[in-house]
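Colleague: Please see the structure below; I have some questions.
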Amino acid sequence: MRLLEQPEILSTGCYLQLPLKLTLLDDAIIRSNEPEEVLTFRYKELGNRFIIPWRKIKGKLRRLVLEKQRGLNIEPECALKDDLCMKCPSCFLFGGTGETSKSKVSYNILSRVYGETFISETEAGDITPYTQNAVREQDLKTGQALMSILTVPKETVFIGVVTLKDPTPEMAAILVDNLNRMSRIGARSVEWGRIKMEIEGAYLSDREVLSGYLKLKGEGKRMNESRPTLQNIEGLELPEVDVAYNTLNNQVKDLIKSLEGIASNNKE
Ligand SMILES: [Zn+2]
C-alpha cells in the first residue's frame, strides 16, 4: 500500500495511522462541573484512566495547521470557526460546512483527520468530588456548587492514534510537522500545560488497525507481539512542509473547481 499521488474527493479506503505518545511536562489540573468535561473514565478492562477527548487535541492541532498556513500567506483570512474559506489545505484536512461558513459555498468538506480518546498509560487514583462555595452574582448569596478537582501528575503518558484518510505525501507532511510542533494543550476547564508529542511511527493500511485502547489492553495481557509492525516516518519520504502546503493548496483549488462545476450543472 502506498500514499496517494493526488488528493481525492471520494474515499479510496487508504488510511495512514500515526500512533502518538503525549507526555505531560507539567502537572495538569482538571476542574470540572460539567459532565461532558469528565476527564477520567473507568474502563472495564483497563480500570480507571485519565483521558483526553480527541476534540481537545484536534482543536489545538487545527489551530497550529492554520497558523503555519497563514505564515506562508495561503488564504490568510481563513479562521475558525465561522470564517472558514473552504478552499485551503487546512479546510481540506479538517473539514467544514459550506452553508455556515462566511464563504457560503454549496459544498461541505469532510474531515480527513480522525482521532480517538487518548488514554493514560497508568491508572488514575480515586477522584475526590469537591464542593466549592459559589457566590451567585445576581444576589451575592452563597450556595454550594459541586465540582470535581483532580491533578494529573507531570510525566503522565497518554497514548492515542491519529488517522489520516486518503493520505497524499503533502497531507501527511503537514500533519506530521504540526503534530511535532504541538507543545501545549489547553481547554476551558482544564489547565493542561506543556506537553511533549512523539510520533511512534506510521502504519499504512486499507483499514484502521491501530488504537491506543487495544495497545493498552494487549500490554495487560502480554499480547504486544501481535501488534502490527510500524514503519519509520522517514521511510514515507515526505516533502518539506512549506512545499507541501503550497502543492496541496494548488491541488485543493483544482478539486474545488471541479466541485463547483458539478454544483452549477445540478442547478441548471
Ligand atoms: Zn480555509
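Colleague: For M1, M182, which order do you get if you count the other beta carbons within 10 Å of each Cβ and list the fewest first?
Modeller: M1, M182
Colleague: Let me ask something additional. Using alpha-carbon pairs under 8 Å, 6+ residues apart, how would you state the relative contact order of the range 38-124 in percent?
Modeller: 31
Colleague: Also, quick follow-up: Quick one: Karplus J couplings for the range 162-177, per residue in order, coefficients 6.51, -1.76, 1.60, θ = phi - 60°, nearest Hz, x for Gly and Pro?
Modeller: Those phi angles translate into 9, 10, 10, 8, 6, x, 9, x, 5, 4, 5, 4, 5, 5, 4, 4 Hz.
Colleague: Is the range 1-101 rounded, prolate or oblate when judged by the Cα gyration tensor, a ≥ b ≥ c being the square roots of its eigenvalues, rounded requiring a/c under 1.5 and prolate requiring a/b larger than b/c?
Modeller: It is prolate, given that a/c is not under 1.5 and a/b is the larger ratio.
Colleague: Give me a comma-separated list of calculated 3J(HN,Hα) values for the range 2-19, in order, Karplus coefficients 6.51, -1.76, 1.60 applied at θ = phi - 60°, integers in Hz, x for any Gly or Pro.
Modeller: 10, 5, 6, 7, 10, x, 10, 7, 8, 5, 10, x, 10, 10, 9, 10, 10, x
Colleague: List the residues, sorted by chain then number, that are 5 or more residues from T40 or on another chain and whose placed amide H is less than 5 Å from its amide H.
Modeller: I51
Colleague: What is the distance, in nm, between label points placed 7 Å from the Cα along the Cα-to-Cβ direction at K81 and at T151?
Modeller: About 3.3 nm separates the two model spin labels.
Colleague: Using θ = phi - 60° and the Karplus relation 6.51 cos²θ - 1.76 cosθ + 1.60, list the HN-Hα couplings for the range 151-159 in order, rounded to whole Hz, with x at every Gly or Pro.
Modeller: Residue by residue, the range 151-159 yields 9, 9, x, 4, 6, 5, 9, 10, 10 Hz.
Colleague: Once amide H atoms are built 1.01 Å from N in the peptide plane, which residues 5 or more positions from G95, or in another chain, come under 5 Å H to H?
Modeller: When sequence neighbours closer than 5 places are left aside, the close amide H contacts are R112.
Colleague: Could you tell me whether the range 50-117 comes out rounded, prolate or oblate from its Cα gyration tensor? Rule is a ≥ b ≥ c as square roots of the eigenvalues, rounded for a/c under 1.5, then prolate if a/b exceeds b/c, otherwise oblate. Don't jump to the answer; show the numbers that get you there.
Modeller: On the way: a/c = 2.26, a/b = 1.41, b/c = 1.60.
Verdict is oblate for the range 50-117.
Colleague: Further, regarding this structure: In what order do I119, I256, I57 fall by count of nearby beta-carbon atoms within 10 Å, going from fewest to most?
Modeller: Fewest-to-most ranking of I119, I256, I57: I256, I119, I57.
Colleague: Let me ask another. Under 5 Å between amide hydrogens, which residues at least 5 positions from K154 or on another chain qualify, with H placed 1.01 Å from N in the peptide plane?
Modeller: Sorted by chain and number, the residues that satisfy this are D27, A28.
Colleague: Starting with the highest mean, order 104-116, 14-26 by the number of other Cβ atoms within 10 Å, averaged over the residues of each peptide.
Modeller: 14-26, 104-116
Colleague: In what sequence do Y213, Y43 fall when counting other Cβ within 10 Å, fewest first?
Modeller: Ranked by crowding around the Cβ, least crowded first: Y43, Y213.
Here, each number is a calculation from the coordinates, and none is a lab measurement. Every value quoted in this text rests on a predicted model; they were computed, and no experiment measured them. So basically every Cβ, Gly included, is an ideal-geometry build from the backbone, and we count neighbours across all protein chains shown.
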